[in-house]
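Here's the structure we're looking at; comments come further down.
The values are calculated or read from the model by the stated rules, or taken from the named source; none is laboratory data. Every value quoted in this text rests on a predicted model; they were computed, and no experiment measured them. Here the Cβ positions follow ideal geometry from the backbone for every residue, glycine too, while neighbour counts run over all protein chains shown.
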Amino acid sequence: ITATNRGPSDTTAVDAVDVLPGPLTFVSSPADCTANGQTVTCPARAALAAGRETAWAIRVRLDPAYQGDGTDLLNAATVRHAVADPQPANNTSAAVGPPGGLAPPQADLVTVKTPSDARPVAPGETYGYTVTVTNRGPSVAREVRLSDPLIPALAFVSSADGCAATGTGAGRTVACGPEAELAPGTSRTWRFTVRLDPAHTGDGSTIRNTATAGAVTFDP
């Protein structure tokens, strides 16, 4: 926010006020501006000579759940001062939005899969998997799903978290979700149980399958 004194006189007690729209939240200011709700106030400069300017910088955060086109992010700042102003209309700036425009929402999903217990499993026995998907942001992830193609030696048994198996026979794909929204910094955990083929004769080194999370929100 830049205030310019076009004169003809010097002025004093120059400050600035910026009312942020709802999707924006004040984060910080190297110029000691502060926020009360959506109203940001920048501290007064004791004096501003004719022909000189002063400026304040603020940083805001866009709501992670924002889905608009950016037109409702426009906001204007107003400068106030102690000397009579011959043109008070230009004390309020034009309304501006994010300086670089608006990018589509982005959500970095991280998937971690672990066995539910560490006991040895004999052919024909069941055991569980726990899969946790974390959204590292910056935006809300929408319609989060999990897909886990099982190897032929594993058969889906059940899930207390609503996962189901698609396809027929052994080696089906376990599908979990969707989770409507996953906020930045939060996680969703799914658990399901599988059975190892009673005829399996391997040493376990081939029992490897990978779970993959996805969402309609772009993942950078």
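Listed here are the residues, each with its yes/no results for (1) modelled with pLDDT under 95; (2) touching a strand residue (DSSP E or B) at 6+ places or on another chain (Cβ under 7 Å).
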| residue | (1), (2) |
| --- | --- |
| A84 | yes, no |
| V121 | yes, yes |
| T130 | no, yes |
| V133 | no, yes |
| R136 | no, yes |
| R145 | no, yes |
| A155 | yes, yes |
note = In the set A107, A94, A82, the lone residue that is touching a residue at least 60 places away in the same chain (Cβ under 8 Å) and assigned to a loop (DSSP other than H, G, I, E, B) is A82
note = Conditions (1) surrounded by fewer than 16 Cβ atoms within 10 Å (Cβ to Cβ); (2) within 17 Å of the chain's Cα centre (by Cα); (3) closer than 22 Å to S187 by Cβ -> A118 fails only (2)
Hits in region 200-218 - residues which are over 30 Å from N135 (Cβ atoms) and either surrounded by fewer than 13 Cβ atoms within 10 Å (Cβ to Cβ) or touching a helix residue (DSSP H, G or I) at 6+ places or on another chain (Cβ under 6 Å) (or both) = T201, G202, D203, G204, S205, T206
request  = Go through R142, R195 for me and flag whichever is under 34 Å from the mean Cα position of the chain (by Cα) and in a strand (DSSP E or B).
outcome  = R142
request  = Quickly run through region 53-76 and pick out the residues that are buried (at least 16 other Cβ atoms within 10 Å of the Cβ) and over 29 Å from V140 (Cα atoms).
outcome  = T54, W56
request  = Give the residue that is surrounded by the most Cβ atoms within 10 Å (Cβ to Cβ), with candidates limited to residues of region 23-52 that are under 24 Å from the mean Cα position of the chain (by Cα) and touching a residue at least 40 places away in the same chain (Cβ under 8 Å).
outcome  = L24
task = Please go through region 1-36 and pick out each residue that is more than 30 Å from Q67 (Cβ to Cβ) and polar (S, T, N, Q).
result = T2, T4, N5, S9, T11, T12
task = Scan region 156-170 for residues that are surrounded by fewer than 17 Cβ atoms within 10 Å (Cβ to Cβ), outside any loop (DSSP other than H, G, I, E, B) and in contact (Cβ under 8 Å) with a residue 24 or more places away in the chain and report the count.
result = 2
ask   = Checking P105 against (1) surrounded by fewer than 13 Cβ atoms within 10 Å (Cβ to Cβ); (2) closer than 30 Å to A141 by Cβ; (3) of a type outside the set (S, T, N, Q), which single condition isn't satisfied?
value = (1)
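Going by the conditions given, is G128 in the same structural domain as C163 (by TED's automatic domain parsing), over 14 Å from the mean Cα position of the chain (by Cα), surrounded by 12 or more Cβ atoms within 10 Å (Cβ to Cβ) and in contact (Cβ under 8 Å) with a residue 12 or more places away in the chain? Walk me through it before giving the result.
Details: in the same structural domain as C163 (by TED's automatic domain parsing): yes; over 14 Å from the mean Cα position of the chain (by Cα): yes; surrounded by 12 or more Cβ atoms within 10 Å (Cβ to Cβ): yes; in contact (Cβ under 8 Å) with a residue 12 or more places away in the chain: yes.
So G128 passes the test.
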